[in-house]
Amino acid sequence: MIAPPFTAEHDLFRKTLRDYVVRELAPHALEWDEAGIFPREVFRQLAELGALGVNYPEEVGGSGGDFWHAVVLAEELVHSRNSGVNMAVLVQSQIATPIIQEIGTAEQKKEFLAPALAGEKIAALGISEPDAGSDVAHLRTTARRSGDDYVIDGAKMWITNGTRADFITLAVRTGGPGYGGISLVTFPTDVKGFSVSKKLQKLGNLSSDTALLFFEDCRIPARYLLGEENQGFYHVMTNFQGERLMAAIGAVSGMDQMVQESLRYGNERQAFDKPLIKFQVWRHRFAEHLTSIEAARWLTYRACDLFARKEPAVKEISMAKLFTGDLIQRVVYDCMQFHGGMGYVVETPVARAFRDARLLSIGGGTSEIMKEIIAKLVCPPQSRANDPQPRRRSRRSRPSSGSRSASCAGRTSAAGRTSARSGSGGSWSRSSGSSSAAGSWSGGSSASSPSRPTRPSCWSPTTAPSSTCSCWA
Ligand SMILES: Cc1cc2nc3c(=O)[nH]c(=O)nc-3n(C[C@H](O)[C@H](O)[C@H](O)COP(=O)(O)OP(=O)(O)OC[C@H]3O[C@@H](n4cnc5c(N)ncnc54)[C@H](O)[C@@H]3O)c2cc1C
């Protein structure tokens, strides 16, 4: 990949979204942070722009775009200057819902996915638990089969959109211990026995609601199972790839924005009779940061390119998440320092960014876990490195902890990839087949799924992967 494949349609979507985000979201950044929530209407408005379903096929209410449209979404949301809104929207559009499109039944798509993409139902992803964050394979929330139902008991922790989600893409234990006993279900939150135990008071991303959830004898129909029973672990791991990419893309866009704003500030703010930006120490600091940000951007685009083409991308995605999540800590620190006292005042965007960015090396898989994944991929045990014969792994070498490090992205055929019509100007619209004047983007051809990897060809929870499998982590 020499350049990201942004076309005129992507540019049109970018412009439409930027206009909306700057006009309708950015002015409320502080107010919504103080309120600890933002209006539900925002989901609806983004749906009307075609943003929530931008890379989903039209038959589920999407706009028929490709994964690069989702990249634009994550990049442009940053202009809201409100990380809480951005996180909530990306959970709704790119984190809790892709797996329903990927493996859900027609009924699940109609009941959960389509209303989410239309902004009518709020979605959440429920994987983490009080005792299982990085260590997904040890999650304890159970789903016991009872006739035609599952009965769910347990708790989920740190769930974004958790206080007002209409449904949760939920990981539950349907089988024995470890990664082989996990399933995914779509869980409607109006079920008896479900409760929001607590809205968590966070350090940052304040406008996003994050909750501790309880499930007590919650009965849901067995047809809400997503995919096959006890096969949920690798769907979760596959899903993390998209989540991590969204985090990396948002981090790059956010760093860029912060540095640009700092440069503007440094031109205006004077000290010792000259603009701050004239001091060489800061000129060099920003020169270094912009160089690193450019490297981060291309590392991330490289991972996006592999992901969009459904090539194995676990290593590249993990590197992008690690690099951007750690780099933003240094960039935001310096941007805040450069603002002096104003950098410590919450109404200044850089102060909120300083606080919010901290999540980027923790959420969706910590930096340590990213290093574990990369290390497992690049440093295979010597004894197996030259072994051409596929063989079962010993119990010790399997990811018995099932940590988020045990990630794997799969391959699919080219079939099912999305595409979109070209456009060169005008306004961006999601309405199917109704392109407005001047080449507006109108959804274009539909496809069977958003650009997502499906089940890894080499992965099975019951059969250990071959020793030559390069995507086993
Ligand atoms: C604001 C916010 C929103 C979130 N939203 C969601 C959501 O919507 N849905 C959801 O399911 N989850 C969500 N999470 C949970 C998030 O994904 C987890 O917090 C994260 O994966 C880390 O898990 P943990 O908090 O249990 O940390 P732990 O797993 O307890 O880790 C603690 C520390 O130990 C380190 N560590 C753990 N294992 C290893 C290892 N093998 N090697 C080296 N170091 C290790 C970690 O890197 C970390 O530094 C959210 C979290 C936050 C803070």
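The values are calculated or read from the model by the stated rules, or taken from the named source; none is laboratory data. Just so it is clear, the structure is predicted and the values come from calculations on it, not from any experiment. Heads up, the Cβs are rebuilt from the backbone with ideal geometry, glycines too, and the neighbour counts pull from every protein chain shown.
Some points to look at:
- Residues located in the range 329-347, provided they are of a type in the set (S, T, N, Q) and either modelled with pLDDT under 95 or within 16 Å of the ligand (Cβ to nearest atom) (or both): Gln329
- Residues in the range 96-135 that are more than 20 Å from Arg223 (Cα to Cα), of a type in the set (A, V, I, L, M) and not in a helix (DSSP H, G or I): Ala118, Ile122, Ala132.
- Qualifying positions in the range 343-354 - touching a residue at least 24 places away in the same chain (Cβ under 8 Å) and either more than 25 Å from the chain's Cα centre (by Cα) or outside any helix (DSSP H, G or I) (or both): Val346, Glu347
- Scan the range 328-369 for residues that are more than 23 Å from Ser134 (Cβ to Cβ) and among the small types (Gly, Ala, Ser) and the total you get is 5.
- Arg164 meets the conditions (1) surrounded by fewer than 18 Cβ atoms within 10 Å (Cβ to Cβ); (2) basic (Lys, Arg); (3) part of a loop (DSSP other than H, G, I, E, B); (4) more than 15 Å from the ligand (Cβ to nearest atom) in every case but one. The failed one is (4).
Every residue, every condition in (1) surrounded by fewer than 18 Cβ atoms within 10 Å (Cβ to Cβ); (2) within 16 Å of the ligand (Cβ to nearest atom), yes or no:
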residue: Leu276; (1), (2): no, no
residue: Ala295; (1), (2): yes, no
residue: Leu306; (1), (2): no, no
residue: Asp326; (1), (2): yes, yes
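- Considering (1) of a type in the set (Gly, Ala, Ser); (2) surrounded by fewer than 24 Cβ atoms within 10 Å (Cβ to Cβ); (3) touching a residue at least 12 places away in the same chain (Cβ under 8 Å), the lone condition that Gly126 does not fulfil carries the number (2).
- For the range 203-242, filtering for residues that are touching a Leu at 6+ places or on another chain (Cβ under 8 Å) and part of a helix (DSSP H, G or I) leaves 4.
- Against the conditions (1) at pLDDT 95 or above; (2) under 29 Å from Gly84 (Cβ atoms), Asn239 satisfies every one except (1).
- For the range 216-254, the tally of residues that are away from the ligand (no atom under 14 Å from the Cβ), closer than 21 Å to Gly181 by Cβ and not charged (D, E, K, R) stands at 12.
- Subset of the range 184-196 (residues that are surrounded by fewer than 24 Cβ atoms within 10 Å (Cβ to Cβ) and within 15 Å of the ligand (Cβ to nearest atom)): Thr189, Val196
- Filter result for Val54 (over 30 Å from Val345 (Cβ atoms), touching a Phe, Trp or Tyr at 6+ places or on another chain (Cβ under 8 Å) and aliphatic (A, V, I, L, M)): yes
- The range 355-383 residues that are more than 7 Å from the ligand (Cβ to nearest atom), paired with ones that are modelled with pLDDT under 95 (beta carbon under 6 Å, 6 or more apart): Ile373/Ser405; Ile373/Ser407; Ile373/Ala473; Lys376/Ala473; Leu377/Ala473
- Remark: pairs (first residue in the range 190-212, on the phi < 0 side of the Ramachandran plot and in contact (Cβ under 8 Å) with a residue 60 or more places away in the chain; second residue part of a strand (DSSP E or B) and within 11 Å of the ligand (Cβ to nearest atom); Cβ separation under 8 Å; 6+ apart in sequence or on different chains) = Lys199/Thr210; Lys199/Ala211; Ser208/Thr160; Asp209/Thr160; Leu212/Lys156; Leu212/Met157; Leu212/Trp158; Leu212/Ile159.
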